[in-house]
1. Normalised by the residues of the chain, what does the relative contact order come to in percent, with Cα pairs under 8 Å and at least six apart?
2. Most exposed first by the Cβ proxy, i.e. fewest other Cβ within 10 Å, how do ILE4, ILE84 rank?
3. Just rank SER236, SER103, fewest to most, by other beta-carbon atoms within 10 angstrom.
4. Rounded, prolate or oblate: which fits the range 11-168 when a ≥ b ≥ c are the square roots of the eigenvalues of the alpha-carbon gyration tensor, with rounded for a/c under 1.5 and prolate only if a/b beats b/c?
5. Would you mind computing the Rg to Rh ratio of the range 214-255 from its alpha-carbon coordinates, Kirkwood style for Rh?
6. Would you kindly calculate the translational diffusion coefficient of the range 121-213, applying Stokes-Einstein with the Kirkwood radius from alpha carbon pairs, for 20 °C and a viscosity of 1.002 mPa s, and quote it in µm² s⁻¹ without decimals?
7. Straight-line reach only, C-alpha to C-alpha below 20 angstrom: list the lysines that LYS261 could link to, leaving out same-chain residues fewer than 8 apart.
8. How long are the three semi-axes of the equivalent ellipsoid of the chain, in whole Å, if each is the root of 5 times an eigenvalue of the C-alpha gyration tensor, listed from largest down?
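Here, each number is a calculation from the coordinates, and none is a lab measurement. Predicted, not measured: the structure shown is a model, and the values here were computed from it. All Cβ positions, even for glycine, are placed from backbone atoms using ideal geometry, and neighbour counts span all protein chains on display.
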Amino acid sequence: MQTIPSPELAVAIAAARAGGATVLRYFREGVQMRVKESYNLVSDADVDAEEAVVTAIKEHFPSHAFFGEETHKDELSSEDVWIIDPLDGTNNFAHGISQFSVSIAYAKDGEVKAGVVYNPVHDELYCAERGKGAFCNGKRAAVSKESSLNQALIGTGFYYDRGLMMERTLDSMRDLFHTDIHGIRRIGAASLDLCHVGMGHFGAYFEYKLAAWDFAAGALFVEEAGGRVTTARGDSLPLDTSSVLASNGALHQSVLAIVGKHHP
Ligand code: IPD
Ligand code: CA
Ligand code: CA
């Protein structure tokens, strides 16, 4: 059973639901997508959802900083900072696929303390607090136990890149397939990929470049579900833009041997 959430987690949950309601309304009614940069889309849904999230948090923590993907650009190194991806999985959203989320993390003095990833279509709420475990809709989450790659499903993702990073991701995917893994999945929302590791669905997940808003909440979810998260070189994960390797722990070294070798 989930214990009583801290004030920060309770606010993060309420804010994720507020952002989720905004995103869901646009998903159902339709919204014009714009190109932010090559292949990278944005819409009023992203911008309005970030506003809804920040408004919900500010009501309770007016002095805190906000580091969001769209409009709020306070320092990530602020003492109390909220890291927000108002719509993770924008490409899925744009193409009518229901795999997207609102991702919110609260960090104090550079350490993520609480995180929420919310898929509003499926009403799935993943949350974690440091030292208190990871939960999906109130049920405790735990990573899988497999220790051999030929028992595992692996997740990956591609940054908005058609160059070296894409090539190296494909190299790693090829090598992983040659270890007889069960398969590779590319869900299209890094926050949800991380939650799939924490839920024990994926044995591991890697991506060569993610922003803090993509991974901050999901990485805490994995750790609190008993897994391990590092960069794709095996170093400790910074709070800023980085490659990410998340696993059930038992598979970490075997996946690292492959994705570390191809790291761009
Ligand atoms: C993207 C998604 C995608 C990942 C990209 C991210 P966005 O975020 O999480 O799965 O592969 O690297 O940038 O643009 O949908 O918020
Ligand atoms: Ca994202
Ligand atoms: Ca986004």
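1. On the way: 633 pairs, mean separation 45.6, N = 264.
Reported relative contact order: 17 percent.
2. Details: ILE4 7, ILE84 30.
Listed from fewest to most nearby Cβ atoms, that is ILE4, ILE84.
3. Details: SER236 8, SER103 35.
Ordered from fewest to most neighbouring Cβ atoms within 10 Å, SER236, SER103 come out as SER236, SER103.
4. rounded
5. Values: Rg = 9.5 Å, Rh = 10.2 Å.
Rg divided by Rh gives 0.93.
6. Details: Rh = 14.4 Å.
Translational D for this selection: 149 µm²/s.
7. Counting by Cα, and skipping residues close in sequence, LYS261 has these lysines nearby: LYS209.
8. Working: eigenvalues 150, 88, 57 Å².
So the three semi-axes of the chain are 27, 21, 17 Å.
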